[in-house]
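Novice: Could you have a look at this structure, given as structure tokens, before my questions?
The values are calculated or read from the model by the stated rules, or taken from the named source; none is laboratory data. Note that this is a predicted model, so its numbers are computed, not measured. Positions of Cβ are generated from backbone atoms using ideal geometry, with glycine treated the same way; all protein chains shown enter the neighbour counts. The protein model used for the area step is the full one, side chains on, heavy atoms only, and it has no ligands, DNA or RNA in it. Shrake-Rupley method; radii C 1.70, N 1.55, O 1.52, S 1.80 Å.
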Amino acid sequence: MEDDCRPLLSSGQTGGSYSHRGSADSLDFKAKRPFHVEPRNIIGDDLQERVSAEAAILNSRVHYYGRLTGSSDRLLSPPDHVIPRPEEIYIYSPLGTAFKVGGGEHASKNPSIITIFAIWNTMMGTSILSIPWGIKQAGFTLGSVILIVLGLLMLYCCYIVLKSPKAIPYLDTSDWEFPDVCRYYFGKFGQWLSLIFSMVSLIGAMVVYWVLMSNFLYNTGQFIYNYAHNVNTSDSEFGTNGSDKVICPYPNTNPIGNNSVGMSFITKSGNDTSDVGSFEYWWSKTNTIPLYLIILLLPLLCFRSASFFARFTFLGTISVVYLIVLVTIKAVRLGFHLEFHWFNGTQFYVPEFRVFFPQLTGVLTLAFFIHNCIITLMKSNKHQENNVRDLSVAYLLVGLTYLYVGVIIFAAFPSPPLSKSCIEPNFLDNFPSSDVMVFVARTLLLFQMITVYPLLGYLVRVQMMGQIFGKHYPSFLHVLALNILIVGTGVLMAKFYPNIGSIIRFSGAACGLALVFVFPALVHMISLKRQGALRWPSALFHSFLILLGVANLLAQFFM
């Protein structure tokens, strides 16, 4: 009973224990933890074990703290010496029994294979559709080399991010994310800057999703309309013949606009084409489809919780696997069409080394980007000592997937009669809407993006509203205003600049500047300098990474 006479509030708490008490995300963090009973206070080994009188007194003390603690005052929340370690959690019952919590933190750990494919699935986004276009912009040989080298550099930077919390001494960083690390080293400025660039990557992805959803919905509707009304698309002078037709929407220029009927000639058996013209007027890829999506997606963005949409993340894996199968089948049917012209292109082939390679580096920066959530993903790994190995294997799988899709599509693109320069930023646009296999791919991707888009909006809302207002859902009007701003940006881009390659490379280069190159390199150098272990080769290499990030962003404006 001697402990009950001690002061309830201890002045000896370390700063690390309360380092997040000023954050809205940690509201009632300790007050809501279940009541803990130390193993020595448990009587018996049965499932409903009796609780000793000493444990009951300890429970009363926790309830006393609960009465003192207000809804927004965490100063009087139960300190660590009252609540034991999380792995010793027992839930106390008023009937005098304590139940050990099953499926706790340790039970939720995943084996390495699950962790690896979770990283692979998270990174496999819309960028995979633009990899063939990026290789075309850089040249086949140079593009393949850049993909491998940049993948290795981003793996190293991701490794720095992963180990950065553990390099901070004297503080408990077990629940820290990379923005917390940036705040530790750079103060509020670093935290806000990392938040801003994280928003750039998320909003950029949402804009790309809106453009792609408009594209996929248009082509899906076009396929259904043509099939229902017996409308046939005749071979265009800009496409190949045969069952596996490949088209070139813009053979001479690369305009940005509504190309809904520019790729082929449309004929209808029997009657005139007035109905077709009316359908095209109301079913336009850039004029009407982006507006139709507002009716579906704006209400979904206003949901308070995104847990319902998280159940459909498996669609991402199905879509990527189907894309790989589609690419393989198309390559087998079309064959390979390659000629190597090192510096000067021809009518049908682009040179192996092109000055437009920064467009590929911008796309790859977003394609390999997982740095803002890698710490969270790795926390669920059962064998923490294998984190570096599992991260490396995951990056290897991602790199091989990108390299396979990019190289196969580029090599199989039929040249002649079409030029390699016809490869579109979304390589599915090089196949007509009447292609059944491509129709299935577009439908799968459409449903996947409809479920992922609200998740991205939820992440934007949580991070932005949490930082500004201290609440994830301050009010319906606040959330609606933010969602209208995000949706409006997507609609405008889908109407006036539906080039996903350029959107991906700009957003990738922007977020990569801070979260991939600058912050990880600076954090690593500062950490080594404080340990007295910074040497000039390391300082030179990490300074090169910073310059590479800056050059990658600036080069996008000159392409």
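Novice: Scanning region 425-446 for residues that are under 28 Å from ASN230 (Cα atoms) and outside any helix (DSSP H, G or I), which turns out most open to solvent (accessible area, probe 1.4 Å)?
Specialist: Result: SER434.
Novice: Scan region 356-383 for residues that are outside any helix (DSSP H, G or I), among the polar types (S, T, N, Q) and under 18 Å from PHE519 (Cβ atoms) and report the count.
Specialist: 1
Novice: Of all the residues that make up region 447-488, how many are open to solvent by less than 70 Å² (accessible area, probe 1.4 Å) and not in a helix (DSSP H, G or I)?
Specialist: Within region 447-488, residues that are open to solvent by less than 70 Å² (accessible area, probe 1.4 Å) and not in a helix (DSSP H, G or I) number 4.
Novice: Inspect all residues belonging to region 158-180 and state whether any of them is closer than 20 Å to ILE546 by Cα, touching a Phe, Trp or Tyr at 6+ places or on another chain (Cβ under 7 Å) and either in a strand (DSSP E or B) or not basic (Lys, Arg) (or both).
Specialist: Yes, some residue in region 158-180 is closer than 20 Å to ILE546 by Cα, touching a Phe, Trp or Tyr at 6+ places or on another chain (Cβ under 7 Å) and either in a strand (DSSP E or B) or not basic (Lys, Arg) (or both).
Table: residues versus (1) touching a Leu at 6+ places or on another chain (Cβ under 8 Å); (2) closer than 18 Å to VAL452 by Cβ.
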position: PHE279; (1), (2): no, no
position: LEU293; (1), (2): yes, yes
position: PHE308; (1), (2): no, yes
position: GLY316; (1), (2): no, yes
position: VAL321; (1), (2): no, yes
position: LEU326; (1), (2): no, no
position: HIS337; (1), (2): no, no
position: PHE343; (1), (2): no, no
position: GLN347; (1), (2): no, no
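Novice: Can you name the condition, by its number, that ILE256 falls short on among (1) within 31 Å of the chain's Cα centre (by Cα); (2) open to solvent by less than 20 Å² (accessible area, probe 1.4 Å); (3) at pLDDT below 90; (4) of a type in the set (A, V, I, L, M)?
Specialist: Only one criterion in (1) within 31 Å of the chain's Cα centre (by Cα); (2) open to solvent by less than 20 Å² (accessible area, probe 1.4 Å); (3) at pLDDT below 90; (4) of a type in the set (A, V, I, L, M) is unmet by ILE256, namely (2).
Novice: Mind counting the residues in region 327-355 that are surrounded by 15 or more Cβ atoms within 10 Å (Cβ to Cβ) and under 35 Å from the mean Cα position of the chain (by Cα)?
Specialist: Qualifying residue count for the region: 11.
Novice: Is it true that VAL200 is within 16 Å of LEU428 (Cβ to Cβ), assigned by the TED database to the domain that holds ILE294 and of a type in the set (A, V, I, L, M)?
Specialist: no
Novice: Quick one: is ASP390 under 28 Å from the mean Cα position of the chain (by Cα), of a type outside the set (A, V, I, L, M, F, W, C) and open to solvent by less than 10 Å² (accessible area, probe 1.4 Å)?
Specialist: yes
Novice: Within region 503-515, does at least one residue satisfy the condition of being more than 30 Å from TYR185 (Cβ to Cβ), open to solvent by less than 30 Å² (accessible area, probe 1.4 Å) and either assigned to a helix (DSSP H, G or I) or among the β-branched types (Val, Ile, Thr) (or both)?
Specialist: yes
Novice: Within the set of pairs 6 or more residues apart or between chains, which connect a residue that is in the same structural domain as MET525 (by the TED database) inside region 161-172 to a residue that is at pLDDT below 85 and among the polar types (S, T, N, Q) with Cβ atoms less than 6 Å apart?
Specialist: Sorted first by the residue in region 161-172, then by its partner, the pairs are PRO165/THR173.
Novice: Between TRP120, TRP133, TRP210, which is under 16 Å from the mean Cα position of the chain (by Cα), crowded, with 18+ Cβ neighbours inside 10 Å and either more than 26 Å from ARG461 (Cβ to Cβ) or not assigned by the TED database to the domain that holds GLY466 (or both)?
Specialist: Checking each option against the conditions leaves just TRP120.
Novice: With (1) open to solvent by 30 Å² or more (accessible area, probe 1.4 Å); (2) closer than 23 Å to TYR404 by Cβ as the list, and LEU377 as the residue in question, which single condition is left unmet?
Specialist: Looking at each condition in turn, LEU377 falls short on (2).
Novice: Follow-up. Can we say ILE408 is in a helix (DSSP H, G or I) and either free of Cβ contacts under 8 Å to residues at least 24 places away in the same chain or touching a Phe, Trp or Tyr at 6+ places or on another chain (Cβ under 7 Å) (or both)?
Specialist: So ILE408 does not fit the description; no.
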